[in-house]
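Nothing in this text is a laboratory measurement; each read-out follows from the coordinates by a stated rule. Note that the structure is a prediction, hence the values are computed from the model and not measured. Because the Cβ atoms are built from the backbone with ideal geometry, glycine has one as well, and the counts that use them run over all protein chains shown.
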Amino acid sequence: MAHISDTHLGVELERVPNQLLLSNDLKEIEDKGHPDLIVCTGDLTELGTSQELNLLKKTISATLTPFIPVWGGHDSADEKSKIVGNQTVTKNFEKVFGPVYFSFDWGGRHFIVYATEDEFFSDEDIQRKEHWLVSDLSKKSKDQETVLLVHAPPSVKLLDLLAEFD
């Protein structure tokens, strides 16, 4: 497995990685590392605009290796800047890539993709994702190793919850 993070793919922004740079980096990862899976843990784009997210999807679709995009706050920065109040601002990302938290089994391990930057979620959605996490952890085999994929470091509260499930 190859792990990358903070690609910050931008469109027409100075000092921000562009599509060609990211494409070349992904090709190098595949050519030199031969991973079975590539995981990118957050801040895949600079602003999270629909244009950036779709460009990212196009860029990673050229890889031969399965690619797991993990949401990070930058992937909703544009959306958050336009919202006032207690609302979830992950709609752009979800339209292009799907949910911002999910799990899958791979290589004998249970992987949990989880959004830890709660300031991007409504109070209701924070409760919903925490409930989902407890449910997911409750269903997995106790003998199976769990890998948590997040962008921002987990809170003490989250670490305490995870400890209850080994």
- [ ] Before rounding to the nearest 500, sum -39500 (n - 2.57) across all DSSP H runs of length at least 4 in the chain and divide by the residue total; then give [θ] at 222 nm in deg cm²/dmol.
- [x] -11500 deg cm²/dmol
- [ ] For the range 40-131, report the convex hull volume of the alpha-carbon atoms normalised per residue, in Å³, without decimals.
- [x] 87 Å³
TODO: Evaluate E = 1/(1 + (r/R0)^6) for Asp31 and Val147, where r is the Cβ-Cβ distance and R0 equals 30 Å; express this FRET efficiency to the nearest 0.05.
DONE: 0.75
Open item on the list: Ranking request for peptides 52-61, 38-47, 83-92: highest mean number of other beta-carbon atoms within 10 Å first, then the rest in descending order.
Closed with: 38-47, 52-61, 83-92
Task: Pairs of Cα atoms farther than 19 Å apart, the range 35-89, % - done: 33 percent
Task: For the chain, diffusion coefficient by Stokes-Einstein and Kirkwood Rh (Cα), 20 °C, 1.002 mPa s, µm²/s - done: 129 µm²/s
Open item on the list: Apply the Karplus curve 6.51 cos²θ - 1.76 cosθ + 1.60, θ = phi - 60°, to the phi angles in the range 30-37 and return the couplings in whole Hz, x for Gly and Pro.
Closed with: 5, 5, 8, x, 6, x, 8, 7
Open item on the list: Residues of the range 81-97 with the amide nitrogen closer than 17 Å to a label point 7 Å from the Cα of Ser50, along Cα-to-Cβ, please.
Closed with: 81-83, 89-97
Open item on the list: What would the Debye equation give as log₁₀ I(q)/I(0) for the range 1-57 at q = 0.15, 0.16, 0.24, 0.27 Å⁻¹, counting only Cα atoms as equal point scatterers?
Closed with: -0.42, -0.48, -0.96, -1.12
Task: Where trypsin sites (Lys or Arg not before Pro) fall in DSSP loop in the range 110-166, at most 12 other Cβ within 10 Å - done: Lys142
- [ ] Answer with one residue from Leu22, Ala152, Ser61: the one whose Cα lies farthest towards the positive end of the charge dipole of the chain, charges on Cβ with Lys, Arg +1 and Asp, Glu -1.
- [x] Ser61
- [ ] Would you please give the residues with an amide H less than 5 Å from that of Val113, counting only those at least 5 places away or on a separate chain, with H modeled from the backbone geometry?
- [x] Phe102, Ser103, Phe104, Leu149
Open item on the list: On a full-extension model of 0.36 nm per residue, what is the gain between Ser81 and Asn18, subtracting their alpha-carbon distance, rounded to one decimal in nm?
Closed with: 20.4 nm
Task: 5 angstrom amide H check on Leu9, placed H, neighbours 5+ away - done: Thr45, Glu46
TODO: Among DSSP beta bridges lying fully in the range 84-166, give the percent that are antiparallel, nearest 5.
DONE: 55 percent
Open item on the list: What are the ³J(HN,Hα) couplings of the range 66-81, residue after residue, when phi is run through the Karplus curve with 6.51, -1.76, 1.60 and θ = phi - 60°? Round to Hz, x for glycine and proline.
Closed with: x, 10, 9, x, 10, 5, x, x, 4, 6, 9, 4, 5, 4, 5, 5
Task: Local electrostatic count, Gln87, Cβ distance below 12 Å [Lys/Arg +1, Asp/Glu -1] - done: -2
